[in-house]
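FYI, it's all coordinate maths here, none of it is from the lab. Here the structure is a predicted model, which means the values were calculated and not measured. No Cβ is skipped: glycine too gets one built from the backbone with ideal geometry, and neighbour counts run over all protein chains shown.
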């Protein structure tokens, strides 16, 4: 049984805000680290991703201050700078008792203020979902038991990438984490706490990958089918700026050719090896599923379901996830050439059976 970790007043407000925006149709995550030059500077209270009509996609950050004297003007300027530095589409600042002068300043800075007194904070969001603090504590304990930092590092990198390198690059980071946690599921004892926690890591990583891929598909929407397929495949292989990645590889090979003994032969061998390794990636598997699901909105829906599954206190069985969630999970399994049946069985062993979907599981929890 997972013990409840006390969450402070600010944390509860953030959990409530995230739940509020999820109910409005956003994909929402708490506590994304803001990393610069491989160093964590601060974190963003709530990060939002919105799937609009057609190919419209937008990201927002939410700064929440639930204190008696929150110094809102300072928070407005901090959020203004963070929004522009991150290239985010919009920002919210949430607090209680907002003065009219503060609202006027917020309008000048193009920031939306949210009065927490107008937002109903549902306590069930803490009671029936693992908070970011609780999940972090469980991940930390798993690492300490192994004298390692791998679990924390994978999830931390996945969340940080969503904030600072969103799109193809963040999807690639998340896919690597998903592969790592899938291996942890397969090597754990069926139904054990370790297996359950690894399943949470897998679901959350796949959710982050799905959101990044949804953005990639939307950005490349108005291209021919063949070009769109190639665009997504190259993104999976090389990251968001795959043209730049290829250019840098060519530059490195030119250096090898020019300066190393027998450089021409070595450069040719390296080029063939890189081409072989990248072609071995099952990028087409991910691309085909992402394109199909991205066009209908089901990639976004799958991400929401998987984020919910990762945080529900009663971890749902894999078989009770939505068809969309299992589709993208299956594509990730194929990408890493994992045995679908074996991994699905292990994921099922870790979850609570009897619910037909994650949405239904959440309603059952809240009832």
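Things to note:
- Calculated FRET efficiency, residue 223 to residue 78, Cβ-Cβ distance, R0 = 22 Å: about 0.05 to the nearest 0.05.
- Packing-based exposure ordering (other Cβ within 10 Å, fewest first) of 231, 15, 100: 100, 231, 15
- A crude spin-label estimate for the pair residue 38 and residue 186, with each label 7 Å from Cα along the Cβ direction, gives 3.0 nm.
- Each of residue 296 and residue 146 was given a label point 7 Å from its Cα along the Cα-to-Cβ line. The distance between the two points is 3.5 nm.
- Once the Cβ-Cβ distance of residue 112 and residue 352 is raised to the sixth power relative to R0 = 30 Å, the FRET efficiency obtained is 0.20.
- Label-to-label distance for residue 337 and residue 89 is 3.9 nm, based on points extended 7 Å past Cα in the beta-carbon direction.
- When both bridge partners sit in segment 9-125, DSSP labels roughly 60% of those beta bridges antiparallel.
- Residue separation of residue 58 and residue 265 scaled by 0.36 nm, minus their Cα-Cα distance, works out to 69.8 nm of gained length.
- When 158, 118, 194 are arranged by Cβ crowding within 10 Å, least crowded first, meaning fewest neighbours, the order is 118, 194, 158.
- Remark: the residue 284-residue 24 segment gains 90.3 nm on full extension, using 0.36 nm per residue and subtracting the alpha carbon distance.
- If you sort the three axes of the alpha carbon gyration tensor as a ≥ b ≥ c, you get a/c of 1.5 or more for segment 71-130 and a/b no higher than b/c, which makes it oblate.
- Residue order, fewest to most beta carbons within 10 Å, for 61, 98: 98, 61
- Scoring 345-352, 103-110 by mean Cβ neighbours within 10 Å over their residues and listing the highest first yields 345-352, 103-110.
- Packing-based ranking, highest mean first, of 133-139, 196-202 given that Cβ atoms within 10 Å are counted: 196-202, 133-139
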